[in-house]
Amino acid sequence: MAQELTTPPAQKGGPVQSNYLHPYACFRCRKSFKRGSREAAVLPCPECGGPSIGLTRKFKPPKQTDEKQWEKVEALVRRGFLFWSLGEPYPDTLREVADFAERHANFIAQERARQPEAYRQIDAALSLT
Ligand SMILES: [Zn+2]
């Protein structure tokens, strides 16, 4: 039996029971804040009221002043990456994002198929910013 090194956080059946804090990122403020559960894919940013995107706990927010890193994060989220573990590190620079996205295109397609409503909300939110 093949060993799977990375298993996406597939939650089968029923709501996700979690007391962990999850980061939500606002690309307008270049800030993230945490909420107790991922009941929504998108929440209003407490600072600007704009949309903030729910990411996994793997996400480590860049410094607010680090515009290049925030651009990279936004590019990843726009391509559907919400910071699951993917068996390779996430790209360090914006330039690497396109190749990274191509390598994981099948995974993203599966995630979009699994969570169409969440992605609809995320895509709509990103089209506003
Ligand atoms: Zn904001």
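Nothing in this text is a laboratory measurement; each read-out follows from the coordinates by a stated rule. Everything quoted here is computed from the prediction, not taken from an experiment. Quick reminder, even Gly has a Cβ in these numbers, built from the backbone with ideal geometry, and neighbours come from all protein chains shown.
Take the Cα of residue 109, step 7 Å toward its Cβ, do the same at residue 94, and the gap between the two points is 2.8 nm. Extending 7 Å from Cα along the Cβ direction at residue 127 and again at residue 71 yields two label points whose distance is 2.5 nm. Counting lysine pairs in segment 26-126 that sit 8 or more residues apart in sequence, or on different chains, and whose Cα atoms lie under 15 Å apart gives 9. Neighbours of residue 47, meaning other residues whose beta-carbon lies under 13 angstrom from its beta-carbon, give a summed charge of +3 when Lys and Arg score +1 and Asp and Glu score -1. In this simple spin-label approximation, residue 40 and residue 20 carry label points 7 Å from Cα along the Cα→Cβ vector, and these lie 2.2 nm apart.
Charge tally around residue 80: other residues with Cβ under 11 Å, Lys/Arg +1 each, Asp/Glu -1 each, net +1. Would you kindly state how much longer the chain becomes between residue 102 and residue 79 on full extension, computed as 0.36 nm times their sequence separation minus their alpha carbon distance, in nm to one decimal? Stretched fully, the residue 102-residue 79 segment lengthens by 7.3 nm. Under 1.5 on a/c is rounded, so check that first for segment 22-128, then, if it is not, pick prolate when a/b is larger than b/c and oblate when it is not; a ≥ b ≥ c are the square roots of the alpha carbon gyration tensor eigenvalues. Since a/c reaches 1.5 but b/c is at least a/b, the shape of segment 22-128 is classed as oblate.
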